[in-house]
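Report on the structure given below.
The values are calculated or read from the model by the stated rules, or taken from the named source; none is laboratory data. In this text, all values refer to a predicted model and were calculated from it rather than measured experimentally. Using ideal geometry, Cβ is built from the backbone for each residue, glycine included, and neighbour counts are taken over all protein chains shown.
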Amino acid sequence: MMDTEQLISGKDNPKIKYIRSLHNRKTAIKEGVIFVEGVRLCEDALVSGFSPIIIVYQDSKRSLVATWLKRFHVFENTQLLCVTEPVFSKIASTVSPQGVAAVFLTPKYITNTDDTRFQRIFVCENVSDPGNLGNIMRSAEAFDFCELILVGRCADPYNEKVLRSSMGACFRLRIRQESSCEEVCLQLKQAGVQLVATHLSGRPLSEAVFKCKVAVFLGNEAHGLSEECSDACDTLIKIPMPGHAESLNVASAAAILSYVLMQEHSLMCTEDQ
């Protein structure tokens, strides 16, 4: 048994009830925390520097948690709750629980517009599907986007479905949420960032000219970008589709755009050398 460990066998324990309540994201947001379940996601959060306030686990995961204690050195104020399998099943949301979960503090990011890495940004407006948002995060991380800005009624970036579909990318990206597209556009323009959006009247992607600092705007799955956002953008582009599909899924479009932008910036770096 670890020094600060508490053993819990009762399903009605107040701490267990509190953890269960965090499945409701409104409650979690009010508390300023994120509930994370599973070995891979918990470790991704720890590696990314997220601060755990509670780790709850079955006895079979005690050695894993002990390894985390030694590896990350961040547990002075962390509650360690060892629970029985029936108790863990009460707080788990997955079909096949792995026997470990954690409650992390939600990070607060402040945009630094002087950051030299501030080159590729996604701005999502009303992207409401958790699976789409998670996949956009995966593309953003894969192609070295430095920030994800969520505007309007986007899915919660720490929704449990987003956490799983992002494969932990949500922990490694700088994410911030804003209410006004107008304010975001103004801030980015003042920082010298090119604002790019997909639009039916845009020029083909292969003809677009990109700057070193680019923000790509992605709209709602059904309705696309609002006029306010698309009108504020400097560059309108479209992805040519010779087939019969009318449109691309927003996450698919994000993957294509992020790859092309990475290539463009790689070429700029090569030309500068």
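Name the one entry in 191, 251, 197 that is in contact (Cβ under 8 Å) with a residue 40 or more places away in the chain and either within 30 Å of residue 91 (Cβ to Cβ) or under 16 Å from the mean Cα position of the chain (by Cα) (or both).
When all the criteria are applied, what remains is 251.
Test residue 149 against the criterion of being at pLDDT 95 or above, assigned to a strand (DSSP E or B) and over 13 Å from residue 41 (Cβ atoms), and give yes or no.
For residue 149, the condition - at pLDDT 95 or above, assigned to a strand (DSSP E or B) and over 13 Å from residue 41 (Cβ atoms) - is met.
Here is a yes/no grid of residues against (1) free of Cβ contacts under 8 Å to residues at least 12 places away in the same chain; (2) farther than 25 Å from residue 96 by Cβ; (3) small (Gly, Ala, Ser):
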site	(1), (2), (3)
139	no, yes, yes
146	no, yes, no
166	no, no, yes
174	no, yes, no
177	no, yes, no
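With the condition kept exactly as written, say whether any residue in segment 201-212 is buried (at least 16 other Cβ atoms within 10 Å of the Cβ), polar (S, T, N, Q) and part of a helix (DSSP H, G or I).
No.
When the residues of segment 8-47 are filtered to those that are in contact with a Pro (Cβ under 8 Å, 6 or more places away or on another chain) and charged (D, E, K, R), which remaining residue is surrounded by the most Cβ atoms within 10 Å (Cβ to Cβ)?
Step by step, filter segment 8-47, then rank; the result is 37.
Collect the residues in segment 1-48 that are acidic (Asp, Glu), under 15 Å from residue 69 (Cα atoms) and either in contact with a strand residue (DSSP E or B) (Cβ under 6 Å, 6 or more places away or on another chain) or free of Cβ contacts under 8 Å to residues at least 12 places away in the same chain (or both), keeping them in residue-number order.
The answer is 3, 5.
Among the residues of segment 48-57, what is the count of those that are in contact with a helix residue (DSSP H, G or I) (Cβ under 8 Å, 6 or more places away or on another chain) and surrounded by fewer than 20 Cβ atoms within 10 Å (Cβ to Cβ)?
The number of residues fulfilling the criteria is 3.
Looking only at segment 148-159, which residues are charged (D, E, K, R) and either buried (at least 21 other Cβ atoms within 10 Å of the Cβ) or free of Cβ contacts under 8 Å to residues at least 60 places away in the same chain (or both)?
153 - this is the single residue of segment 148-159 that is charged (D, E, K, R) and either buried (at least 21 other Cβ atoms within 10 Å of the Cβ) or free of Cβ contacts under 8 Å to residues at least 60 places away in the same chain (or both).
Within segment 65-85, can one find any residue that is crowded, with 19+ Cβ neighbours inside 10 Å, farther than 18 Å from residue 39 by Cβ and modelled with pLDDT under 95?
no
Just give me the residues in segment 214-231 being under 22 Å from the mean Cα position of the chain (by Cα) and either in a strand (DSSP E or B) or crowded, with 19+ Cβ neighbours inside 10 Å (or both), in sequence order.
Of everything in segment 214-231, those that are under 22 Å from the mean Cα position of the chain (by Cα) and either in a strand (DSSP E or B) or crowded, with 19+ Cβ neighbours inside 10 Å (or both) turn out to be 214, 215, 216, 217, 218, 219, 220, 224, 225, 229.
What pairs can you find where one residue is in segment 49-75 and more than 15 Å from residue 19 (Cβ to Cβ), the other is modelled with pLDDT of 90 or more and surrounded by fewer than 14 Cβ atoms within 10 Å (Cβ to Cβ), and their Cβ atoms are less than 6 Å apart, with a gap of 6+ or different chains?
Correct list of pairs: 51/105.
Quick check on this structure: which one of 219, 224, 243 is touching a residue at least 60 places away in the same chain (Cβ under 8 Å), assigned by TED's automatic domain parsing to the domain that holds residue 155 and not polar (S, T, N, Q)?
219
Tell me, which residue of segment 216-234 that is farther than 14 Å from residue 194 by Cα and among the acidic types (Asp, Glu) is modelled with the lowest pLDDT?
The extreme case among them is 221.
Of the conditions (1) touching a residue at least 40 places away in the same chain (Cβ under 8 Å); (2) in a loop (DSSP other than H, G, I, E, B), residue 182 fails just one. Which one is it?
(2)
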